[in-house]
Amino acid sequence: MKEVVILGGGYGGMNTLHGLLDNLPEDVHITVIDRNPYHSLKTEFYTIAAGTESDRHARVDFPTHEQVDYVFDEIVKIDPEQEEIIVKGGVENIPYDYLLIGLGCEDNYHGIEGAREFTESVQTFSKSRSAGFSINNLGAYGKITVVGAGLSGIEVASEVRESRPDLNIRLLDRGDTVLKAFDSKIQEYVEKWFKDNQVEVIHGANVEYVEKDGVCNNGVCYLNDVTVWTAGVRPNYLVRELPFEKDDQEKIIINDFYQVPSHQNVYVVGDCASSEYSPSAQLAGQQGEKVAEVLLAVLHGRVPERPGSVKLKGALGSLGKNDGFGNMLQKPMTGVLPRLAKSGVLWLSKRH
Ligand SMILES: Cc1cc2nc3c(=O)[nH]c(=O)nc-3n(C[C@H](O)[C@H](O)[C@H](O)COP(=O)(O)OP(=O)(O)OC[C@H]3O[C@@H](n4cnc5c(N)ncnc54)[C@H](O)[C@@H]3O)c2cc1C
């Protein structure tokens, strides 16, 4: 039997798995390893952090198949020389002939003192739940600071605002406008939404340190009950530890076949893989489909064709449940239409 091991049942890992199952040879066995016994919809973690949706909303059952086994455990090491994976509770290491790394990313604290210890996060399911507890246990008029005004920071701040009009919410933005990766029409719309909904946005932020009860920014310390960190990500630490060549964002450099050039039985997708595109679920999913094409050819003993380039359709974001923004048909759109489109994409991905 040939052993394929998939690390991470996120967007990249799941799309690879589904692609492989379309035409899996009989002499192949797949092991999927994830800490969670379900596929996590990370793009919905802001609802878990805001406490506006149940756990079930942001997860999907893994597919069952006679040639697939699951290990639900914490991966602690990838050993590319021995070609095996070490998991926390494992009696024996898990060997592989082919490996897919789709372990996603984690917060980047940029070395800021207190940020890791004293902030909530939306980067894992359990951390998002913890953020949800902290935010929802706040009494009337509690104070929240969200650090970072990219997509996830905007979604967290607006979702909390909509469900808790009493809370004092502050958003610290490093640039001179929120959502720096989006069109100016969207930036203006979102800035106005926050103004109209009494969320204080502070531009030009430069957080110096974080304490249990506050954030210090540009020499001013704000007293605060909960701080949520959405100020940047970096690849999973297991990936950063690997002896593979990385780009300046610490992501693994891959060839046109999504393989590690020095270890061509190792494939990398999503937030762990070097790419010309910004990290996204859409990118990870499409890369997963392409890895499946390449790997199926290899498993069937054929020379794989070079996969075509990914075709991204643009990002969609929410401002609570009834408002949103995003690029649709290559045009910046705001309001209820992109919000409906975002719900539609989620509905489709849950049924994929
Ligand atoms: C709040 C928020 C909103 C977002 N909104 C959007 C959006 O609207 N559109 C969009 O395209 N992107 C969005 N993103 C980004 C998107 O979620 C990621 O780019 C995408 O999830 C990356 O997919 P991936 O397959 O690389 O990793 P992930 O989907 O993160 O999957 C990684 C998997 O690895 C598992 N794992 C990690 N470490 C270990 C370990 N040590 N042991 C065991 N298992 C482990 C995790 O449990 C997880 O299942 C958002 C992100 C956040 C945080």
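Checked against the criterion of being buried (at least 24 other Cβ atoms within 10 Å of the Cβ) and within 9 Å of the ligand (Cβ to nearest atom), segment 30-38 contains one or more residues that satisfy it.
Cβ-Cβ distance below 7 Å, separation of 6 or more or different chains: which pairs start in segment 226-238 with a residue that is among the polar types (S, T, N, Q) and end on one that is part of a loop (DSSP other than H, G, I, E, B)? Partner pairs satisfying both residue conditions: 227/119; 230/122; 230/148; 230/150; 236/103; 236/104. With respect to (1) among the acidic types (Asp, Glu); (2) at pLDDT below 95; (3) under 30 Å from residue 227 (Cβ atoms), the lone exception for residue 34 is condition (2).
Those strands (runs of 3 or more DSSP E) of segment 227-336 in which 3 or more residues are away from the ligand (no atom under 16 Å from the Cβ) and either at pLDDT 95 or above or aromatic (Phe, Trp, Tyr) (or both) occupy 263-268.
When every residue of segment 115-129 is checked against the conditions, at least one turns out to be within 10 Å of the ligand (Cβ to nearest atom), assigned to a helix (DSSP H, G or I), surrounded by fewer than 18 Cβ atoms within 10 Å (Cβ to Cβ) and not assigned by TED's automatic domain parsing to the domain that holds residue 78. Against the test of being within 16 Å of the ligand (Cβ to nearest atom), farther than 28 Å from residue 316 by Cβ and among the aromatic types (Phe, Trp, Tyr), the options 70, 141 yield a single qualifying residue, 70. For segment 162-176, how many residues meet the condition of being in contact with a Phe, Trp or Tyr (Cβ under 8 Å, 6 or more places away or on another chain) and either within 16 Å of the ligand (Cβ to nearest atom) or farther than 15 Å from residue 224 by Cβ (or both)? The total comes to 2.
Test of understanding: among 84, 66, 74, which residue is closer than 26 Å to residue 152 by Cβ and modelled with pLDDT of 95 or more?
Values: 84 fails: closer than 26 Å to residue 152 by Cβ; 66 fails: closer than 26 Å to residue 152 by Cβ.
Selected residue: 74, the only one of 84, 66, 74 that is closer than 26 Å to residue 152 by Cβ and modelled with pLDDT of 95 or more.
Scanning segment 207-238 for residues that are crowded, with 23+ Cβ neighbours inside 10 Å and of a type in the set (Phe, Trp, Tyr) turns up just one, 229.
One residue stands out among those in segment 80-96 that are outside any loop (DSSP other than H, G, I, E, B) and within 14 Å of the ligand (Cβ to nearest atom): the one that is farthest from residue 2 (Cα to Cα), which is 87.
The values are calculated or read from the model by the stated rules, or taken from the named source; none is laboratory data. Bear in mind the structure is a predicted one, so any value in this text is a computation, not a measurement. Every residue, glycine among them, receives a Cβ derived from its backbone with ideal geometry; neighbour counts consider all protein chains shown.
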